[in-house]
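Visitor: Quick one: the structure is below, and I'll ask about it shortly.
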Amino acid sequence: MYDSAAVQSGALEPGLHRHMRKTPSGKIKISARNKSSLVVKYTMLALIALTVVGFLTFNYKNIDFADAVSSTLHNIKVVFLEPKLSHSTITKALYDLLVTFCLGILATFFGALIAIFASLLCAKNIARPAIAAVAKSVVAFVRAVPTILWVLIFAVSAGLGSVAAVAGLTFHSAGYLTKAYAESIEEMDYGTIEALKACGASYWQIVFQAIWPSSISYMLAWTFMRFEINFVNAIAVGAAAGSGGIGYSLWMAGAFYFDLHEMGFITYIVVASVILLEILATKIKSKVK
């Protein structure tokens, strides 16, 4: 946002004038137009066009839309307004929830343990540039592969079960937390590191006595955030990896029994757990800062 006086005085670059427009408040707004913004714009337009064409060319097989909408509203009503357990008990549901929490905790713990040391290879202020570039490339590849795919990859070698679920969640968590920890380390003043080196401090003395103490609060915050993500992912992979937990119970209720009442009850348990987890994580983050 720029004042019109700045434009008239010639303080702005001449090439920007054609991308300006005046807002009702009298300010001049500049819309940056470059190749990236044009690619994003045309990509979005293409996706919208393909979506419209897709809906127009669907084979609806004489679907009665009024009946479909009515059935959908009825199912929503049953799920959210009439929740109850039919094929399970509250004790079993709470046990499944505990299993899911354990999967998230284990994946977060192992992922954080790997990331603590891997981040030292990615931080530009303490690692060699070549090593940091290679390490960041590997970490970027690990993060690019979706969690569910990592779980399925490990399921091929380890078989369906909790081992594949924890391994897949750990792999992606390590990539996520390595990037977060490395960025926290890079925020440290490089002058402090140079001063410690000048005093004769070794590499591990700098890490244990300067880097980690100054970055621990940020690392904990990122770790708790990742635990929340892992808990949700553990629900999703409960059925895919056959690891059990509340996710497997939800899949059984929806795909095997088609019991909408039980789906609603389990959904409320999951929502309540996520809310309590968020409250707990917020309190812990506020104490470590």
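The values are calculated or read from the model by the stated rules, or taken from the named source; none is laboratory data. Keep in mind that this is a model prediction, so the values were computed, not measured. We place every Cβ from the backbone using ideal geometry, glycine too, and count neighbours over all the protein chains shown.
Visitor: Considering only region 86-106, I want to know if a residue exists there that is assigned to a helix (DSSP H, G or I), among the aliphatic types (A, V, I, L, M) and closer than 30 Å to residue 211 by Cβ.
Guide: Step one: filter region 86-106 for residues assigned to a helix (DSSP H, G or I), giving 90-106.
Of the ones still in play, those that are also among the aliphatic types (A, V, I, L, M) are 90, 93-94, 97-99, 103, 105-106.
Right, trim to closer than 30 Å to residue 211 by Cβ and you get 105-106.
Yes: region 86-106 contains one or more residues that are assigned to a helix (DSSP H, G or I), among the aliphatic types (A, V, I, L, M) and closer than 30 Å to residue 211 by Cβ.
Visitor: Let me ask something additional. Against the conditions (1) touching a residue at least 60 places away in the same chain (Cβ under 8 Å); (2) within 25 Å of residue 125 (Cα to Cα); (3) buried (at least 17 other Cβ atoms within 10 Å of the Cβ), where does residue 162 fall short? Just the number, please.
Guide: Here residue 162 meets the rest and fails (2).
Visitor: Take region 181-195 and flag every residue that is touching a helix residue (DSSP H, G or I) at 6+ places or on another chain (Cβ under 7 Å) and outside any helix (DSSP H, G or I). I'd like the intermediate steps shown before the answer.
Guide: Just the residues of region 181-195 that are touching a helix residue (DSSP H, G or I) at 6+ places or on another chain (Cβ under 7 Å), to begin with: 181-182, 184-185, 188, 192-193.
Listed by number, the list holds a single entry, 188.
Visitor: Condition check: touching a Phe, Trp or Tyr at 6+ places or on another chain (Cβ under 8 Å) and either part of a helix (DSSP H, G or I) or among the hydroxyl-bearing types (Ser, Thr, Tyr) (or both). Does residue 116 satisfy that?
Guide: Criteria met by residue 116.
Visitor: Here is a further query. Can residue 190 be described as more than 21 Å from residue 111 (Cβ to Cβ) and either touching a residue at least 60 places away in the same chain (Cβ under 8 Å) or surrounded by fewer than 17 Cβ atoms within 10 Å (Cβ to Cβ) (or both)? Outline the logic, then answer.
Guide: Working: more than 21 Å from residue 111 (Cβ to Cβ): yes; either touching a residue at least 60 places away in the same chain (Cβ under 8 Å) or surrounded by fewer than 17 Cβ atoms within 10 Å (Cβ to Cβ) (or both): yes.
Considered against the rule, which asks whether it is more than 21 Å from residue 111 (Cβ to Cβ) and either touching a residue at least 60 places away in the same chain (Cβ under 8 Å) or surrounded by fewer than 17 Cβ atoms within 10 Å (Cβ to Cβ) (or both), residue 190 comes out as yes.
Visitor: If you check 212, 251, which single one turns out to be of a type in the set (Phe, Trp, Tyr), assigned to a helix (DSSP H, G or I) and within 21 Å of residue 109 (Cα to Cα)?
Guide: 212
Visitor: Moving to a separate point now. Might you let me know whether region 196-208 holds any residue that is within 28 Å of residue 140 (Cα to Cα), in contact with a helix residue (DSSP H, G or I) (Cβ under 9 Å, 6 or more places away or on another chain), in contact (Cβ under 8 Å) with a residue 24 or more places away in the chain and buried (at least 16 other Cβ atoms within 10 Å of the Cβ)?
Guide: Yes; the residues of region 196-208 include at least one that is within 28 Å of residue 140 (Cα to Cα), in contact with a helix residue (DSSP H, G or I) (Cβ under 9 Å, 6 or more places away or on another chain), in contact (Cβ under 8 Å) with a residue 24 or more places away in the chain and buried (at least 16 other Cβ atoms within 10 Å of the Cβ).
Visitor: Another question about this same structure. Would you point out which residue out of 170, 223, 178 is part of a helix (DSSP H, G or I), within 22 Å of residue 282 (Cβ to Cβ) and in contact (Cβ under 8 Å) with a residue 60 or more places away in the chain? Let's see the steps before the verdict.
Guide: Numbers: 170 fails: within 22 Å of residue 282 (Cβ to Cβ); 178 fails: within 22 Å of residue 282 (Cβ to Cβ).
The match here is 223.
Visitor: Looking at 73, 121 in this structure, which one is in a helix (DSSP H, G or I), free of Cβ contacts under 8 Å to residues at least 40 places away in the same chain and assigned by TED's automatic domain parsing to the domain that holds residue 244?
Guide: 121 is the lone residue from the list that is in a helix (DSSP H, G or I), free of Cβ contacts under 8 Å to residues at least 40 places away in the same chain and assigned by TED's automatic domain parsing to the domain that holds residue 244.
Visitor: May I ask you to say which residue of 101, 141 is in the same structural domain as residue 175 (by TED's automatic domain parsing) and loosely packed, with under 13 Cβ neighbours inside 10 Å?
Guide: Of 101, 141, the one residue that is in the same structural domain as residue 175 (by TED's automatic domain parsing) and loosely packed, with under 13 Cβ neighbours inside 10 Å is 141.
Visitor: Could I ask something else about it? Of all residues in region 256-276, which are under 25 Å from residue 161 (Cα atoms), in contact with a helix residue (DSSP H, G or I) (Cβ under 8 Å, 6 or more places away or on another chain) and aliphatic (A, V, I, L, M)?
Guide: The answer is 263, 266, 269, 270, 274.
Visitor: Considering only residues that are among the β-branched types (Val, Ile, Thr) and farther than 25 Å from residue 241 by Cβ, which ones fall in region 91-125?
Guide: Within region 91-125, just 116 meets the criteria.
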